[in-house]
Amino acid sequence: MNRLSVRMLLLAAFMTVLTLAIGLGASFVITSLDIYDLTAEMPVARWREIHGMLPNDPAVRTRFHDLFVRYSHTNIRGQDWFFIAITAGISTLLGGAVAFVFARRLSRPITAVAGAAVRVAAGEQDVRIKPVALAGEVAELVESFNAMAASLDAYERERSILTAGIAHEMRTPLTVLRGRLHGLIDGVIAMNGAEAATLLRHVDRLSRIVEELRTLAHAEVNALMLDRREVDLAETARLVAADLAPLAADDGVGIVVSGSAPPLSCDPLRISQALTNLIYNAVKHAPSDSQVLISIHQSGAYVMLSVADSGPGFAADDRERLFAPFWRANSPANAAKPGSGLGLSLALKIAQAHGGTIIAANREGTNGAIFTLQLPLGAAD
């Protein structure tokens, strides 16, 4: 028997004792007032006589007093104790039954929550409590537990995906490094400048993945340090576009930047990182002989930067997963494209750290997707 059951039993016992005390008190009051004695001992004829008396008649009051003194008693007799015992028994049974029913009704959902919590702690992430005919604080408790369990379940799934993604993304460069280093040791591969550049390129890829993971981890706990300065977002976009232009040109893609907006307070390094990821993602999905269009404008208290491509866009069902770490759309065309699956997730975290967000949508009236970076003009806390 758990502590909650013990407390419910104690509550039932308390209610029983309370009901018993009330019943006994009423019995003693009745007996002390001689109401029970008078009605039990007085002959029926005398009792009818009392009822027929006129209370305003002095002679009647004298007769009433004489009858009362003759047939009433001040001591408790055996038959009185029997009456008290019957009253106490009925009070105990009824009070205990009512208290037990209410205690069980109150304790059942709480016991269910306690049992479900033990199962969740043991690793059963899909445990939920069915809210049946609940109200008030108990209903809020059940609802809060179900919400907590759902959050833990989602977190566990995300953790598994993240772990698998890390292993997948790091396996390839590590395998290449291992194989080529063995080739160098065995003399199969000659150590020269080209080979050193190949090894360094894979080391850089590993370093980039580790740095992106570190940034994501800091952003998750709101510990991403920002060096805020006044930044012209349009100028920053042009610089990032210029850096990515040679890479885009290799795929036959052009990058066009247009528009302007007032300066905003942000971390230029982090914003450049977010823009790089957004533009690089658009270049990857843009077909050859097309353009990635970047436009900047002010909308109320926000600066909006949109990155649009002419690729296939994304499925409606994938909208909620676009920014999940290591998630990539399951399509043959996407599988052939390079990337760690961290770019969009990292860009969103940087935007959120600045008090903004990123909105994803498919372009209307044409092919492609459009990702809009929304940042507040003022400094966000």
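The values are calculated or read from the model by the stated rules, or taken from the named source; none is laboratory data. Nothing here was measured: the structure is a model prediction, and the numbers come from that model. Here the Cβ positions follow ideal geometry from the backbone for every residue, glycine too, while neighbour counts run over all protein chains shown. For accessibility, only protein heavy atoms count, side chains too; no ligands or nucleic acids. Shrake-Rupley method; radii C 1.70, N 1.55, O 1.52, S 1.80 Å.
Odds and ends about this structure:
- Qualifying residue in segment 137-150 (condition: modelled with pLDDT under 75 and among the acidic types (Asp, Glu)): yes
- Test: residue in segment 112-133 that is modelled with pLDDT under 75, of a type in the set (A, V, I, L, M) and either surrounded by 12 or more Cβ atoms within 10 Å (Cβ to Cβ) or in a helix (DSSP H, G or I) (or both): no
- Residue satisfying all of: in segment 351-375; of a type outside the set (S, T, N, Q) and over 31 Å from the mean Cα position of the chain (by Cα); modelled with the lowest pLDDT among these: 365
- Look at (1) open to solvent by 10 Å² or more (accessible area, probe 1.4 Å); (2) out of contact with any strand residue (DSSP E or B) (no Cβ under 6 Å at 6 or more places or on another chain) and you find that residue 256 fails only one, number (2).
- Qualifying position, being surrounded by fewer than 17 Cβ atoms within 10 Å (Cβ to Cβ) and within 17 Å of residue 374 (Cβ to Cβ), among 299, 288, 265: 299
- Pairs, first under 16 Å from residue 200 (Cβ atoms) in segment 178-190, second open to solvent by 90 Å² or more (accessible area, probe 1.4 Å), C-beta under 8 Å, six or more apart: 184/191
- Contacts under 6 angstrom Cβ, first residue in segment 226-244 being within 16 Å of residue 264 (Cβ to Cβ), partner of a type in the set (Ser, Thr, Tyr) and not in a helix (DSSP H, G or I), 6 or more apart: 228/265; 234/260
- Filtered residues of segment 278-322 (kept if of a type in the set (Asp, Glu) and touching a strand residue (DSSP E or B) at 6+ places or on another chain (Cβ under 7 Å)): 309
- Of the residues in segment 337-350, not one is open to solvent by 20 Å² or more (accessible area, probe 1.4 Å), modelled with pLDDT under 85, hydrophobic (A, V, I, L, M, F, W, C) and not in a helix (DSSP H, G or I).
- For beta carbons closer than 8 Å, sequence separation of 6+ or different chains, a first residue in segment 344-372 that is on the phi > 0 side of the Ramachandran plot and a second that is among the hydroxyl-bearing types (Ser, Thr, Tyr) and open to solvent by 10 Å² or more (accessible area, probe 1.4 Å), the qualifying pairs are 368/310.
- Residue 162 being at pLDDT 70 or above, on the phi < 0 side of the Ramachandran plot and surrounded by 14 or more Cβ atoms within 10 Å (Cβ to Cβ): no
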